[in-house]
Amino acid sequence: KNQNFKLEKIETLGNTKLNLAIIRNIKNFTKKNHNNKKIFNLEIETNLKKNIKSKDTKGNPKTFEIKIVTNLIVNKDKTNSLQKSFSYSSTYNTLNSEFELNIYEKTVEKTLLLKISEKIIVYLQTL
């Protein structure tokens, strides 16, 4: 990985669990490296929305959508900051078991968070 930056301070708002997952995904970029030319402080706000997209004839949920939105503020120095939003969603069918549905939803969340984390890293490398 070609990193040209270091993350010094990360503040979070919104869903703590989701923010921690994103931070964990990008934590290797917080390690000190003498080749880092840029130092950033981040503010991350992540929220999740789960919606029913369709129902069957009895009115029971048939398909769902999970959408994760992360708003990122990059503070390059005391006077210079940039804002960017990252959003991913996934639509899926209901399952017979509530337990299986919860496990599947957690897998979907992890996948979406990984995509957002990768986009954040790519974005920071372009600054």
Next on the checklist: Please go through (1) among the aliphatic types (A, V, I, L, M); (2) more than 30 Å from Tyr104 (Cβ to Cβ); (3) at pLDDT 90 or above for Ile23 and return the number of the only condition it doesn't satisfy.
Outcome noted: (2)
Next on the checklist: If I ask for residues that are at pLDDT below 95 and aromatic (Phe, Trp, Tyr), which ones from region 76-125 would you list?
Outcome noted: Tyr123
Checklist entry - Of the residues that make up region 101-123, is at least one part of a strand (DSSP E or B), polar (S, T, N, Q) and within 30 Å of Lys6 (Cα to Cα)? => result no
Next on the checklist: Just to be sure before I move on: is Glu45 open to solvent by less than 80 Å² (accessible area, probe 1.4 Å), over 25 Å from Leu124 (Cα atoms) and in a strand (DSSP E or B) in the structure I sent?
Outcome noted: no
Next on the checklist: If I filter region 81-91 for residues that are farther than 15 Å from Ile23 by Cα, open to solvent by 90 Å² or more (accessible area, probe 1.4 Å) and free of Cβ contacts under 8 Å to residues at least 24 places away in the same chain, do I get at least one hit?
Outcome noted: yes
Next on the checklist: Looking at the structure I just gave you, is Leu124 under 10 Å from the mean Cα position of the chain (by Cα) and open to solvent by less than 70 Å² (accessible area, probe 1.4 Å)?
Outcome noted: no
Next on the checklist: Scan region 55-78 and tell me whether some residue there is exposed (fewer than 14 other Cβ atoms within 10 Å of the Cβ) and assigned to a strand (DSSP E or B).
Outcome noted: yes
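The values are calculated or read from the model by the stated rules, or taken from the named source; none is laboratory data. Remember, it's a predicted structure, so these values are computed and weren't measured experimentally. We place every Cβ from the backbone using ideal geometry, glycine too, and count neighbours over all the protein chains shown. For accessibility, only protein heavy atoms count, side chains too; no ligands or nucleic acids. Shrake-Rupley method; radii C 1.70, N 1.55, O 1.52, S 1.80 Å.
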